[in-house]
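The structure under discussion appears below in the form of structure tokens.
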Amino acid sequence: VELGAVCGVAGVMALAGQVRIPLPFTPVPLTLQTMLVLLSGIVLGARTGALGQVLYVGLGAMGLGVFAGGTSGLSGATAGYLVGFVAAAAVVGLLTREPSPARVGVGLLAGTLVIYLFGAGWLVLGLGRSATEAVTLGVIPFLPGDAMKLVVAGMLAQPLRAVWGRIRGA
């Protein structure tokens, strides 16, 4: 069951990456993947959620076109975000082991901050952007959309955990 969940996470991430909205003022596209990363940690737990992200990132790093827009390879503006997906799923899973609305909210915010930290950090360290540019290009444009994704993820968290619990118990 866990192996299926890991593969399922990678598959859903790959599908979600094909639906992207390029933004003319930033090299980072808008996708639903960040919400799915957070849900993978909440629903499946730190280990399984993170392993699903490892598989997804690994497939893309090996050259399969699973990243946003069918791209592959860990380079370019999105590399830090992709690596951050693994850490974010683990952080969210750890913070929401005993779920309550407050813990889910904290977990979702923490996971989003982890993704921003890795993504903006890569823009600085890997692409030579200034910290101001990294935040301007890689964080600020995504705040409104990510706020909406956090609300939706918070609403989906408990029902999806219940479904996963029934699957694991079957």
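The values are calculated or read from the model by the stated rules, or taken from the named source; none is laboratory data. Just so we're clear, the structure is a prediction, and the values are computed from it rather than from any experiment. Neighbour counts run over all protein chains shown; Cβ positions are idealised from the backbone, glycine included. Each accessible area value is taken on the protein alone, full model and side chains, heavy atoms only, with ligands, DNA and RNA left out. Shrake-Rupley method; radii C 1.70, N 1.55, O 1.52, S 1.80 Å.
What to note about this one:
- Out of A79, A110, one residue alone is open to solvent by 20 Å² or more (accessible area, probe 1.4 Å) and over 23 Å from G4 (Cα atoms). It is A110.
- Within the stretch 90-113, being farther than 17 Å from L51 by Cα and assigned to a helix (DSSP H, G or I) holds for P101, A102, R103, V104, G105, V106, G107, L108, L109, A110, T112, L113.
- Count of residues meeting criterion [touching a residue at least 60 places away in the same chain (Cβ under 8 Å) and outside any helix (DSSP H, G or I)] in the stretch 30-70: 2
- A single member of L32, L39, L59 is within 14 Å of the chain's Cα centre (by Cα) and open to solvent by 30 Å² or more (accessible area, probe 1.4 Å), and it is L32.
- Residue count for the stretch 87-107, restricted to those that are open to solvent by less than 20 Å² (accessible area, probe 1.4 Å) and among the β-branched types (V, I, T): 3
- The criterion of being on the phi > 0 side of the Ramachandran plot and at pLDDT 95 or above does not hold for G41.
- From the list G80, G73, the one residue that fits, being assigned to a helix (DSSP H, G or I) and over 23 Å from R166 (Cβ atoms), is G80.
- For the stretch 1-29, residues that are in contact with a Gly (Cβ under 6 Å, 6 or more places away or on another chain) and either at pLDDT below 90 or part of a loop (DSSP other than H, G, I, E, B) (or both) total 2.
- Residue match in the stretch 122-132 (condition: among the β-branched types (V, I, T), out of contact with any Leu (no Cβ under 8 Å at 6 or more places or on another chain), within 20 Å of L82 (Cβ to Cβ) and assigned to a helix (DSSP H, G or I)): yes
- The listed residue being buried (at least 22 other Cβ atoms within 10 Å of the Cβ), more than 19 Å from P141 (Cβ to Cβ) and more than 12 Å from the chain's Cα centre (by Cα), out of L44, L3: L44
- Where a residue in the stretch 96-114 is within 16 Å of V43 (Cα to Cα) and without any contact (Cβ under 8 Å) to a residue 60 or more places away in the chain and its partner, wherever it lies, is open to solvent by less than 20 Å² (accessible area, probe 1.4 Å) and among the hydrophobic types (A, V, I, L, M, F, W, C), with Cβ under 7 Å and at least six apart: A110/V92
- In the stretch 78-90, the residues that are over 19 Å from I42 (Cβ atoms) and without any contact (Cβ under 8 Å) to a residue 40 or more places away in the chain form Cβ pairs under 8 Å with partners that are among the hydrophobic types (A, V, I, L, M, F, W, C) and assigned to a helix (DSSP H, G or I), at six or more places apart or across chains, as follows: L82/V57; V83/V57; V83/F118; V83/W122.
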